[in-house]
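The values are calculated or read from the model by the stated rules, or taken from the named source; none is laboratory data. As the structure is a prediction and not an experimental result, all values here were calculated from the model. Cβ: placed from backbone, ideal geometry, glycine included. Neighbour counts: every protein chain shown. What goes into the accessible areas is simple: the full protein's heavy atoms, side chains included, and nothing from ligands, DNA or RNA. Shrake-Rupley method; radii C 1.70, N 1.55, O 1.52, S 1.80 Å.
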Amino acid sequence: MPLGLLWLGLSLLGALHTQAQDSTPNLIPALPLFRVPLQPNFQADQFQGKWYIVGLAGNALKKEEQGQFKMYATTYELKEDHSYNVTSTLLRDERCDHWIRTFVPSSQPGQFTLGNIKGFPGVQSYTVRVATTDYNQFAIVYFKKVYKNQEYFKTTLYGRTKELTPQLKENFIHFAKSLGLTDEYILFPVPIDQCIDDQ
């Protein structure tokens with residue numbers, strides 16, 4: 001179980017391999033949430049379904065991981081209480097790993113918090129914010145968490161397919177840079193078929 005929690009913690013950052021350290025120096029600070037865009041008139045039912053992680057950027061990611069970082073998939077399943085069951089699937093050591101969590105809606109449509117946060121030791125807050133989406137092709141989602149008094153953030157470029165247009169990728173890079181990230185913190189995972197197409 002501790003290994004599962006470790007992987008969950010790392011996956012929430014979008015980093016599948018980092019070195020465990022007591023403190024992470026020189027993290028780029030996260031913007032206040034009100035400065036991060038929020039999709040107007042968010043449609044929870046249209047957002048659900050499977051998304052491929054086409055792009056990643058965050059203050060705990062490094063571009064040198066680009067070639068080693070494999071694409072993974074995340075599925076949002078809308079529940080009756082308007083929260084999502086969120087299941088991510090990735091290939092790790094030639095086997096499929098899954099992690100499941102609940103995103104609970106906030107008072108702002110398109111913004112969520114992590115359900116059962118007490119079940120994730122060290123996580124003090126966790127916010128998910130859908131910055132923009134057209135629902136049927138792409139979405140850009142922002143994640144911010146405080147873990148052991150350190151503030152981490154990432155943004156993901158979701159695609160309904162594994163390939164998105166160069167323009168959408170450019171838009172994602174522009175968005176990541178608007179958060180204070182530079183090129184070295186932006187990467188595009190290597191597309192794969194294993195695990196993420198077996199659902």
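Of the listed residues Val130, Val104, the order by accessible area with a 1.4 Å probe, largest first, is Val104, Val130. Extension gain for the segment Leu31 to Thr165, taken as residue separation times 0.36 nm less the Cα-Cα distance, is 45.5 nm to one decimal. Using a probe radius of 1.4 angstrom, the carbon and sulfur fraction of the accessible surface of the stretch 47-199 is 50%. The residues of the stretch 72-126 have, on average, 53 Å² of accessible surface per residue, using a 1.4 Å probe with all protein chains present.
For the stretch 132-179, the solvent-accessible area of protein heavy atoms averages 45 Å² per residue (probe radius 1.4 Å; ligands and nucleic acids excluded). Placing unit charges on each Cβ (+1 for Lys and Arg, -1 for Asp and Glu) gives the stretch 119-199 a dipole about its Cα centre, and among Asn171, Gln150, Gln137 the Cα reaching farthest toward its positive end belongs to Gln150.
Computed over the stretch 30-160, relative contact order equals 26 percent, with contacts defined as Cα pairs under 8 Å that lie 6+ residues apart. For the pair Asp93 and Gln68, label points projected 7 Å from Cα toward Cβ lie 1.5 nm apart. Using R0 = 45 Å, the C-beta based FRET efficiency linking Glu77 and Glu151 works out to 0.95.
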